[in-house]
1. Can you name the residue in the stretch 87-105 that is closer than 24 Å to MET184 by Cα and within 16 Å of the ligand (Cβ to nearest atom) and, of all such residues, is surrounded by the most Cβ atoms within 10 Å (Cβ to Cβ)?
2. State all residues of the stretch 110-129 that are under 11 Å from PHE98 (Cα atoms) and charged (D, E, K, R); if no residue qualifies, say none.
3. Can TYR422 be described as closer than 30 Å to GLY95 by Cα and of a type in the set (Ser, Thr, Tyr)?
4. Which one of these is farther than 24 Å from TRP196 by Cα, of a type in the set (S, T, N, Q) and open to solvent by 10 Å² or more (accessible area, probe 1.4 Å): GLN140, GLN115, GLN125?
5. Using the structure shown, decide if ARG432 is in contact (Cβ under 8 Å) with a residue 40 or more places away in the chain and among the basic types (Lys, Arg).
6. Pick out, from the stretch 391-488, the strands (runs of 3 or more DSSP E) lying fully within it that include 1 or more residues that are basic (Lys, Arg), out of contact with any Gly (no Cβ under 7 Å at 6 or more places or on another chain) and on the phi < 0 side of the Ramachandran plot.
7. For residues that are farther than 23 Å from VAL304 by Cβ and hydrophobic (A, V, I, L, M, F, W, C), scanning just the stretch 367-376, find the one that is farthest from the ligand (Cβ to nearest atom).
8. Enumerate the pairs (first residue in the stretch 29-46 and without any contact (Cβ under 8 Å) to a residue 60 or more places away in the chain; second residue anywhere and more than 16 Å from the ligand (Cβ to nearest atom) and open to solvent by less than 30 Å² (accessible area, probe 1.4 Å)) with beta-carbon separation below 6 Å, excluding pairs fewer than 6 apart on the same chain, so at least 6 apart or on different chains.
Amino acid sequence: MKLLKFIPFLLLVLAGCTQDPQPSPNIVFIFTDDHTARALSAYGSVVNKTPNLDRIADEGMRFTQCLVTNSICAPSRAVILTGKHSHLNGQLTNGNRFDGAQQTFPKLLQAAGYQTSMIGKWHLQSEPTGFDYWQVLIGQGPYYNPRFLVPGDTVQIEGYTTNIITDLALNWLETQRDPEKPFMLMYQHKAPHREWHPGPDHFELYADENIPEPANLFDDYSNRASPAAEQGMTIARHLNVEDLKLAPPRSMNEEQAAEWEKVYGPRNDEFHEANLEGDDLTRWKYQRYVKEYLRTVAGVDDNVGRMLDYLEEKNLDENTVVIYSSDQGWYIGEHGWYDKRWMYEESLVAPLLVRWPGNVQPGSVNHAMVSNLDFAATFLDLAGVSIPGDMQGKSLKPLFLGETPEDWRTSHYYQYYEYPGYHCVERHYGVRTDRYKLIHFYNREEWELFDLEADPMEMNSVYDDPAYSETQTKLKEELRRLREFYAVPDDERPTGPCIPNERGAPTPRQ
Ligand code: CA
């Protein structure tokens with residue numbers, strides 16, 4: 001009799017043992033090139049709306065401090081693939097060729113039984129490794145009629161690149177996905193990279209609007225070390241005609257102005273529009289530039305909506321981790337700039353959004369200091385694959401689940417190497433904590449120290465301020481510790497002419 005009483009319990013235990021374990025989640029990594037969080041409405045953008053990207057944040061988690069280790073395109077991609085800083089993965093600058101023979105997270109996922117796919121912008125010179133399927137833009141790729149590299153061949157497709165990359169990704173999911181395996185799809189856009197060609201749906205977007213200017217559009221770079229004033233990435237002086245798609249109105253001398261009056265009559269508003277100079281001309285360029293940039297972002301947003309809709313239609317959304325990020329931040333006029341490279345906040349911080357139904361709390365915000373260095377370890381952890389000891393990042397899976405470890409990092413190491421190079425940004429390394437940032441321009445032996453609480457826009461270095469001497473000492477010690485922890489070698493200190501990207505110079509291809 002006693003045994004009979006036990007039978008229902010035994011059956012329950014057996015049922016529990018034979019139940020399928022939680023299936024490994026699929027991973028869709030949505031990645032863009034040069035998308036600043038300041039042009040994402042989930043981050044409170046004042047210049048645009050991104051309703052589809054916001055869906056990921058609304059249904060998932062938004063990270064406010066995803067800090068890159070080296071704010072430039074190919075190096076960021078290499079950090080993501082390897083989980084190692086640039087000095088260990090070999091991709092110090094865009095000029096290096098990625099060593100695809102080294103350990104990467106796609107290879108490890110593939111070995112663990114994941115179906116892996118890479119579609120869109122790759123930008124690492126060598127061919128992708130670790131993927132069951134890949135179709136990638138050649139180099140930077142154009143905005144229209146792109147040619148793709150596929151194993152052993154190239155194919156050209158007519159149309160707008162952002163739409164086409166989505167078509168290819170959806171087609172792969174529809175026709176090539178193996179339903180017996182979990183998948184990891186890297187769905188990577190060229191947009192909103194320079195030279196910002198919008199798609200046909202967005203030519204007129206913002207046509208009748210004035211986009212707000214950042215408060216430091218006319219930064220004079222005083223109260224800082226010398227490099228910020230000596231770069232080649234200002235909206236005022238360094239955007240070229242190809243960027244602006246229109247020759248800027250030229251300021252007229254008195255003789256030209258008199259000629260204008262002979263033809264058009266007395267000087268009026270039209271005269272002033274045709275005769276822009278100084279700050280007015282910079283404002284004109286800012287509007288031209290930022291509208292084109294935001295139009296390409298709108299193309300990304302629409303297409304991310306297509307991807308999310310597809311996952312829902314196919315009931316793939318429930319067991320798929322959708323992650324959105326970009327290879328670095330970007331300047332939309334802050335400090336008077338476009339481009340990236342600096343350790344200053346706008347280019348240091350990348351957007352990071354994560355949706356994982358049933359696991360990530362919808363609408364949550366995470367302020368922990370995370371990094372693109374962590375992505376590889378995170379993907380492996382999500383898949384239940386052990387994280388190799390030589391990866392330098394940490395898994396974000398506990399953070400996704402709302403459990404930030406108590407010993408989570410409180411400082412971040414950064415280093416930028418591409419000098420001499422486009423835009424003349426000096427090599428620098430530094431440490432960022434929650435409140436402070438110490439930067440060493442080691443080629444010039446110059447330093448900057450910012451108190452981000454008192455000076456969030458980083459307009460005033462307090463490196464020489466005696467009130468911060470103790471802070472400076474502590475940060476230098478932390479910087480030394482991080483360099484040792486990450487095994488950073490002393491860098492060379494190259495000199496030579498940089499490429500300022502003046503009008504008429506070759507168009508940069510970063
Ligand atoms: Ca980039």
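1. GLN91
2. Listed by number, the list holds a single entry, GLU127.
3. For TYR422, the condition - closer than 30 Å to GLY95 by Cα and of a type in the set (Ser, Thr, Tyr) - is met.
4. That would be GLN115, the only listed residue that is farther than 24 Å from TRP196 by Cα, of a type in the set (S, T, N, Q) and open to solvent by 10 Å² or more (accessible area, probe 1.4 Å).
5. So ARG432 fits the description; yes.
6. 428-433
7. Per the criteria, the residue is ALA368.
8. Cβ pairs passing all conditions: SER41/THR50; SER41/ASP54.
The values are calculated or read from the model by the stated rules, or taken from the named source; none is laboratory data. On a predicted model such as this, the values are computed, not experimentally measured, just so you know. Using ideal geometry, Cβ is built from the backbone for each residue, glycine included, and neighbour counts are taken over all protein chains shown. Side chains included, ligands, DNA and RNA excluded: accessible areas come from the protein's heavy atoms. Shrake-Rupley method; radii C 1.70, N 1.55, O 1.52, S 1.80 Å.
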